[in-house]
1. Filter the stretch 138-162 for residues that are surrounded by fewer than 23 Cβ atoms within 10 Å (Cβ to Cβ) and closer than 12 Å to Val89 by Cα and give the result.
2. Which of the numbered conditions does Leu132 fail, given that it passes all the others? Conditions: (1) farther than 22 Å from Arg50 by Cβ; (2) among the aliphatic types (A, V, I, L, M); (3) touching a helix residue (DSSP H, G or I) at 6+ places or on another chain (Cβ under 6 Å).
3. Pick from Val120, Val103: which is in contact with a helix residue (DSSP H, G or I) (Cβ under 7 Å, 6 or more places away or on another chain), closer than 17 Å to Gly9 by Cα and within 16 Å of ligand 1 (Cβ to nearest atom)?
4. Given (1) within 16 Å of ligand 2 (Cβ to nearest atom); (2) at pLDDT 95 or above, identify the lone condition not met by Trp60.
5. Hey, among Val4, Val19, Val41, Val8, which residue is under 19 Å from Val103 (Cβ atoms) and modelled with pLDDT of 65 or more?
6. Which one of the conditions (1) more than 17 Å from Val7 (Cα to Cα); (2) surrounded by 19 or more Cβ atoms within 10 Å (Cβ to Cβ); (3) in contact with a strand residue (DSSP E or B) (Cβ under 6 Å, 6 or more places away or on another chain) does Leu135 fail to meet, given that it meets all the rest?
7. Yes or no: Asp51 modelled with pLDDT of 95 or more and more than 15 Å from the chain's Cα centre (by Cα)?
Amino acid sequence: PLPVLAVVGRPNVGKSTLVNRIIGRREAVVEDVPGVTRDRVAYPANWAGRDFTLVDTGGWEAKAEGLNLAVADQAELAIELADAVMFVVDGTVGATASDEQVVRLLRRSGRPVTLIANKVDGPRQEALATELWGLGLGEPHPVSALHGRGTGDALDAAVKTL
Ligand code: GDP
Ligand code: MG
């Protein structure tokens with residue numbers, strides 16, 4: 001089986017936008033991953049000559065109550081099923097309490113993590129993204145999933161962890 005790279009993070013940080021950029025299309029044929037909800041979708045992906053399964057997490061936006069818990073639950077399952085994780089934070093907001101919950105799960109999991117500071121659409125957003133070093137997950141990779149800025153370098157780093 002191919003290695004699994006999961007894209008994890010709280011709602012609205014741009015996970016699906018990043019996934020679409022990586023797979024190079026707006027909508028991919030989705031395949032079910034055994035044991036996970038239909039909200040989590042896996043896409044065949046290739047980067048730098050490496051084939052892997054890219055897992056987008058989401059759909060928990062629908063859970064109105066207990067948002068933090070829902071985020072943590074979904075992230076925990078995705079992390080468990082993954083060989084490596086891209087942890088996406090909104091680089092224009094910085095780390096929130098919800099992000100910190102996921103950080104704890106990531107630490108406990110022992111999975112390799114590539115930290116992505118998304119929505120860094122230009123140099124103006126880079127200063128806040130740099131503060132994400134403070135999460136203790138290594139280098140934050142500033143990217144704009146929307147425009148493609150920095151996504152190549154971030155993917156290079158993530159694929160090396162597989
Ligand atoms: P998800 O809930 O984490 O999957 O986030 P989505 O991919 O659905 O994106 C949430 C919103 O953020 C959408 O309106 C996107 O267009 C926007 N977004 C995603 N990536 C970027 C980015 O790099 N820059 C900006 N400015 N907006 C982005
Ligand atoms: Mg999404």
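1. Result: Ser144, single match.
2. Looking at each condition in turn, Leu132 falls short on (3).
3. Values: Val103 fails: within 16 Å of ligand 1 (Cβ to nearest atom).
Answer to the check: Val120.
4. Failed condition: (2).
5. On the way: Val4 fails: under 19 Å from Val103 (Cβ atoms); Val19 fails: under 19 Å from Val103 (Cβ atoms); Val41 fails: under 19 Å from Val103 (Cβ atoms).
Just a single option satisfies the conditions, and that option is Val8.
6. (3)
7. Yes, satisfied.
The values are calculated or read from the model by the stated rules, or taken from the named source; none is laboratory data. Here the structure is a predicted model, which means the values were calculated and not measured. A quick note on method: Cβ atoms are made from the backbone with ideal geometry, for glycine too, and the neighbour counts reach across all protein chains shown.
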